[in-house]
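Okay, structure first, notes after.
The values are calculated or read from the model by the stated rules, or taken from the named source; none is laboratory data. Since we're looking at a predicted model, the values are computed, not measured. Note: ideal-geometry Cβ built from the backbone for every residue, glycine included; neighbour counts use all protein chains shown.
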Amino acid sequence: MFKVKIFTLYPEFFPGPFDKGIYGKALEKKIWELKAVNIRNYAEDKHKTVDDKPYGGGSGMVMRADVIANSLDNNLEPNQKIYYLSPRGKLLDQEIVKNISKEKYLNILCGHFEGIDQRVLDKRNIEEISIGDYVISGGENASYIILDSVLRLIPGVLGNEQSTFDESFENGLLEYPQYTKPQIWQKNKVPEVLLSGDHAKIKHWRLTQSEAITRDRRPDLWHKRNKKN
Ligand code: SAH
């Protein structure tokens, strides 16, 4: 079973969208499980304070190292890996997603306010991950993105294992265009080759399309792929 723990100030955000559809079914089948840990329960003063003003001044509040460490240490084995969602982190991509999906655990720490006291980030086995070059108000929505991208790669979740096979990024390329019924829509026809039944030809057409789209829209991916091959 793939075990997910989310450390958050908003445990009520979970399971959120993940007890529905394919993920809900997989949850019932015990292919994965999710535990949301309320960081606030690990604050030790009577007001349950989780944050305070930054040393050195500046706006906003910072989450306290002691409270975060308490919440982690009481719920994880020593030295278990934790991903802290942060705009300073390594940019999430399909390769990171794939690697996480091969693990047995996924522990996610959601920040709020201005973020988290650096000392706990340094002193626990924490890797920072970013979902993109923009700032959102808390780690919870970012954790949805990681969860969604990872869970669909866990064996048994999607049902049809094949369906992640030729997707975007899988071979360093973006996906080719897809078509379904009706065959003619507002006078627009589906590309002839897709109706030919010639699998080799279709495969070749799709690859050519993928390459053109990637070259055009994402020169960064295109160069990366060409360097590898
Ligand atoms: N002051 C911080 C931003 C804090 S935003 C800075 O400038 O770097 C509050 C929280 O939202 C963060 O602690 C983080 O958990 C989450 N967050 C914001 N943007 C994110 C992003 N691009 N990727 C992942 N998490 C993000």
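A compact table of results
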{"read-out": "Any hit, region 110-117, residues being of a type in the set (Phe, Trp, Tyr), in contact with an Asp or Glu (Cβ under 8 Å, 6 or more places away or on another chain) and within 15 Å of the ligand (Cβ to nearest atom)", "value": "yes"}
{"read-out": "Check on Leu121, in contact (Cβ under 8 Å) with a residue 12 or more places away in the chain, out of contact with any helix residue (DSSP H, G or I) (no Cβ under 8 Å at 6 or more places or on another chain) and assigned to a helix (DSSP H, G or I)", "value": "yes"}
{"read-out": "Condition met for Ile96 (within 8 Å of the ligand (Cβ to nearest atom), of a type in the set (Val, Ile, Thr) and free of Cβ contacts under 8 Å to residues at least 60 places away in the same chain)", "value": "no"}
{"read-out": "Subset of region 41-61 (residues that are surrounded by 15 or more Cβ atoms within 10 Å (Cβ to Cβ) and in contact with a helix residue (DSSP H, G or I) (Cβ under 9 Å, 6 or more places away or on another chain))", "value": "Tyr42, Ala43, Val50, Asp51"}
{"read-out": "Check on Asn188, at pLDDT below 95, more than 16 Å from the ligand (Cβ to nearest atom) and not assigned by TED's automatic domain parsing to the domain that holds Val50", "value": "no"}
{"read-out": "Residue list for region 129-152, restricted to those being more than 11 Å from the ligand (Cβ to nearest atom) and acidic (Asp, Glu)", "value": "Asp148"}
{"read-out": "Residue within region 138-161 that is farther than 25 Å from Glu12 by Cα, at pLDDT below 95, in a helix (DSSP H, G or I) and not assigned by TED's automatic domain parsing to the domain that holds Lys224 present", "value": "yes"}
{"read-out": "Test: residue in region 65-85 that is among the charged types (D, E, K, R), under 30 Å from Leu221 (Cβ atoms) and touching a residue at least 40 places away in the same chain (Cβ under 8 Å)", "value": "yes"}
{"read-out": "Residues (under 14 Å from Val4 (Cα atoms) and either more than 16 Å from the ligand (Cβ to nearest atom) or β-branched (Val, Ile, Thr) (or both)) located in region 74-88", "value": "Asn75, Leu76, Glu77, Gln80, Lys81, Ile82"}
